[in-house]
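The values are calculated or read from the model by the stated rules, or taken from the named source; none is laboratory data. Computed from a prediction, not measured in an experiment: that's the story for all the values here. All Cβ positions, even for glycine, are placed from backbone atoms using ideal geometry, and neighbour counts span all protein chains on display.
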Amino acid sequence: MLVSAKDMLVKAKAGKYAVGQFNINNLEWTKAALLTAQECNSPIILGVSEGAGKYMTGYKTVSAMVKAMIEELKITVPVALHLDHGSYEGCYKCIEAGFSSIMFDGSHYPIAENVEKTKELVRVCGEKGISLEAEVGSIGGEEDGVIGRGECADPQECKQIADLGVTMLAAGIGNIHGKYPENWEGLSFETLDAIQKLTGEMPLVLHGGTGIPEDMIKKAISLGVAKINVNTECQLSFAAATRKYVEEGKDLTGKGFDPRKLLAPGFEAIKATIKEKMELFGSIGKA
């Protein structure tokens, strides 16, 4: 059964650990994430970008697949199905499709419009028991065509959005999507600390979890981050394991590769990556 992310994140912030959001792109990624969460007795958030949703034929397909897998695999840990960097229209589509959590990325709007749209979604999500993530200050890099420069959010604007009653808040603190460049200046903990002081008990979200040094991850958690997103690292591990399998010519027959065997190394690689991140975030055993 899918659940809102609210309870798991409130517990995470109080307990000084973070719940991982791991994006899913197909059946193998979803199965790997769910099984790892169950094996680690950890809550988990399955992230779905609008591009991934489209690739998997639509949000209703994704929702049905995840719900069926939870039942068939006998998953008992808390699982939230979450729209990642959703447009205003995409949020409503995911609500209709049965997602248990959504993110409205209004960071590219003027703050007044971000507030207006977020306020309406707070009302709708509240009626349906769905958790809502909002964003202030765009995250750097590119994800599904959404490009941000890695700016630092205005703490006062963060307070404006938090006061609307959202479940969690993603605030830009110099983090980016994808690989971090060698000249990256690091996270702005001064900004994060200021946001934490103004938003109180609000669980904060760190996007771009791939490549951030472990000491920075742990410090961010100590300053109120309760949800950390990981996607690129799973993509890299999946691709590397699959490429190695193909290059070694395993299971090559006159009929070509068995797709189930072809994807198996990538499946195991994603499981290992997710477990490693859960250990770092401190969520193992917290279901």
Report summary line: Picking from K60, K13, the residue that is under 18 Å from I228 (Cα atoms), among the basic types (K, R) and more than 15 Å from the chain's Cα centre (by Cα) would be K13
Report task. Scan the stretch 275-287 and give yes if some residue there is under 20 Å from L192 (Cα atoms) and either part of a helix (DSSP H, G or I) or of a type in the set (S, T, Y) (or both), otherwise no. Result -> yes
Query raised in the report: Residues of the stretch 211-238 being in contact with a helix residue (DSSP H, G or I) (Cβ under 7 Å, 6 or more places away or on another chain), closer than 18 Å to T273 by Cα and of a type in the set (A, V, I, L, M), which ones?
Result: I217, I228, V230
Query raised in the report: Within the set of pairs 6+ apart or on separate chains, which have a first residue in the stretch 216-237 that is at negative phi and of a type in the set (D, E, K, R), a second that is in a loop (DSSP other than H, G, I, E, B) and at pLDDT 95 or above, and C-beta atoms under 9 Å apart?
Result: K218/G282; K227/A5; K227/A18; K227/P203
Report task. For the stretch 101-120, enumerate the residues that are surrounded by 15 or more Cβ atoms within 10 Å (Cβ to Cβ) and among the hydrophobic types (A, V, I, L, M, F, W, C). Result -> I102, M103, F104, I111, V115
Report task. Count, please, the residues in the stretch 271-286 that happen to be of a type outside the set (K, R) and within 15 Å of the chain's Cα centre (by Cα). Result -> 5
